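So the structure is just underneath, and the comments pick up after that.
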Amino acid sequence: MAALRRKFGEDYQVVNTNRATTFSAPVKKKRQRFVEKNGRCNVQHGNLGGETSRYLSDLFTTLVDLKWRWNLLIFILTYTIAWLVMASMWWIIAYIRGDLNHGHDSSYTPCVANVYNFPSAFLFFIETEATIGYGYRYITEKCPEGIILFLFQSLLGSIVDAFLIGCMFIKMSQPKKRAETLMFSQDAVISQRDGKLCLMFRVGNLRNSHMVSAQIRCKLIKSRQTPEGEFLPLDQCELDVGFGTGADQLFLVSPLTICHEINPKSPFFDLSQRSLKNEQFEIVVILEGIVETTGMTCQARTSYTEDEVLWGHRFLPVMSLEEGFFRVDYSQFHSTFEVPTPPYSVKEQEEKNSLPSPLSTPTPALTESHGGRRNRVFSVDCIHISEERGRHGGTGVRLPSKLQRMSSSGKEDLQRKVLLLSSQHPEKACSTGDLPLKLQRLSSSPGPEAENRLQLKPLKVGFEPMTQSTGDLYQHSLTPTLSSAPVPMHSPLLSAGRPEDNLPPKLRKMNADR
């Protein structure tokens, strides 16, 4: 016990699920079981009517299935009645022939020598049937009816012996008593194994002789109602204990813990610690195998109700390594100890894990503000760059939804509308090419009026291409340095030839078309 506490911690409490333990499940009203703990099915058949004749058609199986007291009674009565009937027939033959009146006459030849009354006829039958043959009573050759009765007696005796002795032999050699040495834990437990919630119980073999090809199966007995409204009492559902992986095939030389993983395919998918107290079900466990010594198939059964399923427990180890062998301590076979187990069902845990974390979700307002800010600083020169990045699968800036809808009306229409949109935010323009068309026309007209109405500010972008807009500069975190002095009309930016020559080629082409 101390070693276990050092291994698992002081918080773990060893629980012996024998009835004289400190741990006790919540007391509930005991309900009727479908299968008893000893494996007996608690089912009785009634109101068979005329179907009882079916039992007589399979009389041998009927006799084998009877209890031992009824078998012994039938065995004794069958032999007693057969002996009395056959002894009576020998007495009747002697009576008809008059052998009873000439019993002590040495000159008279009877059918059966030395048969004077019914007791002597009964002894003659017993000596003949049991092949004792004392030699005092015997059949003579002067009695043909006695010879025929003797043949009938031999045939009938062989049939009765084969039937009754065979029935008794089969009943004695039944492997039901072998199942008494196959143990099941008194309770089942629910805890985590390999990070998964599992239903577990323990099986063991008390004999040194092995169970060949041992296989285990589990059935869930629970009443339910179908979506069509049909009520199914004691509906049977299969519990997977490793059928697909071969874990249901047991090498039962030492106690084993059978595990049923609770997953979306399990009927316990939505079972939690709280709902377990209100559930009503029964788990039937069936262990089958071939007895090594007799070669007969043996089946052991037990069941667990909802009161016998302990949440958050694990079985105590029973194997220990001794000098030269492994030792099994069956005194701890039914003992369990508590382990930390989530009280939630697997369904609730999966739903909880599927919810997105609030830290990983971006704020919608912040996303919209950044998106709207970036959408407003696009220019015509950046449209083609974004389109090329989108076609090549790049990670460039996507076009605003408004510009995407406008793109359906044609490329030239798109450029014209972008210029109109940019006129609503003239302060966002970063180069002459990004200026609205109206301001471009004003800049192209000479005179002092245009000089006073249009004040351009030079933009210093370093090594970036002139076709980039403020949106691209904002995206790359380039801080432009703006000059506070106005640009005079004789500045090289505007004085070198016509003002339209300073525009980008695409806008110059659009101005020429207009």
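In whole percent, and with a 1.4 Å probe on the protein chains, what portion of the accessible area of region 63-174 is carbon and sulfur?
That fraction is 71 percent.
Order 247-253, 231-237 from most to least packed using the mean count of other Cβ atoms within 10 Å.
On the way: 247-253: 14.7, 231-237: 10.9.
Descending packing order for the listed peptides: 247-253, 231-237.
Packing-wise, with mean Cβ within 10 Å as the measure, how do 277-286, 66-75, 181-190 rank, highest first?
181-190, 277-286, 66-75
How long are the semi-axes of the equivalent ellipsoid of region 63-174, taking √(5λ) for every eigenvalue λ of the Cα gyration tensor, in whole Å from largest down?
Semi-axes, largest first: 34, 12, 11 Å.
Can you count the Lys pairs in region 177-353 whose Cα atoms are under 21 Å apart, with each pair 8 or more apart or on different chains?
Value for region 177-353: 12.
Round to a whole angstrom and tell me the spacing of the C-alpha centers of region 75-112 and region 169-224.
59
Measuring with a 1.4 Å probe in the full set of protein chains, what accessible area per residue, in whole Å², belongs to region 213-342?
54
Could you work out, for region 189-256, what percent of all Cα-Cα pairs fall into each 10 Å distance bin, beginning at 0 Å and stopping at the bin that holds the largest distance?
With a bin width of 10 Å, the distribution comes to 16, 35, 29, 15, 4, 0.
Grab the alpha carbons of region 214-306, take their convex hull, and tell me the volume per residue in Å³.
Numbers: hull volume 12.5 nm³, N = 93.
Value for region 214-306: 134 Å³ per residue.
Along the positive direction of the dipole of region 63-174 (beta-carbon charges: Lys, Arg +1; Asp, Glu -1; about the Cα centre), which of Ala82, Ser107, Gln174 reaches farthest?
Most positive-ward Cα: Gln174.
Where in region 156-195 are there trypsin sites (Lys or Arg not before Pro) that are in a DSSP coil and have at most 12 other Cβ atoms within 10 angstrom of their Cβ?
Lys176, Lys177
Hey, can you rank 268-275, 214-221 by average C-beta count inside 10 Å, highest first? Show your work: numbers first, answer last.
Working: 268-275: 16.5, 214-221: 18.6.
Per-residue mean Cβ counts within 10 Å order the peptides as 214-221, 268-275.
Once you charge only the Cβ atoms, +1 for Lys and Arg and -1 for Asp and Glu, what is the size of the charge dipole of region 44-155 about its Cα centre, to the nearest 20 debye?
180
What percentage of all Cα-Cα pairs in region 177-353 are separated by more than 30 Å? Mind showing how you got there, number by number?
On the way: 3492 of 15576 pairs.
So the pairs more than 30 Å apart make up 22 percent of the total in region 177-353.
The values are calculated or read from the model by the stated rules, or taken from the named source; none is laboratory data. As the structure is a prediction and not an experimental result, all values here were calculated from the model. For neighbour counting, all protein chains shown are included, and Cβ atoms are generated from backbone atoms with ideal geometry for every residue, glycine included. The protein model used for the area step is the full one, side chains on, heavy atoms only, and it has no ligands, DNA or RNA in it. Shrake-Rupley method; radii C 1.70, N 1.55, O 1.52, S 1.80 Å.
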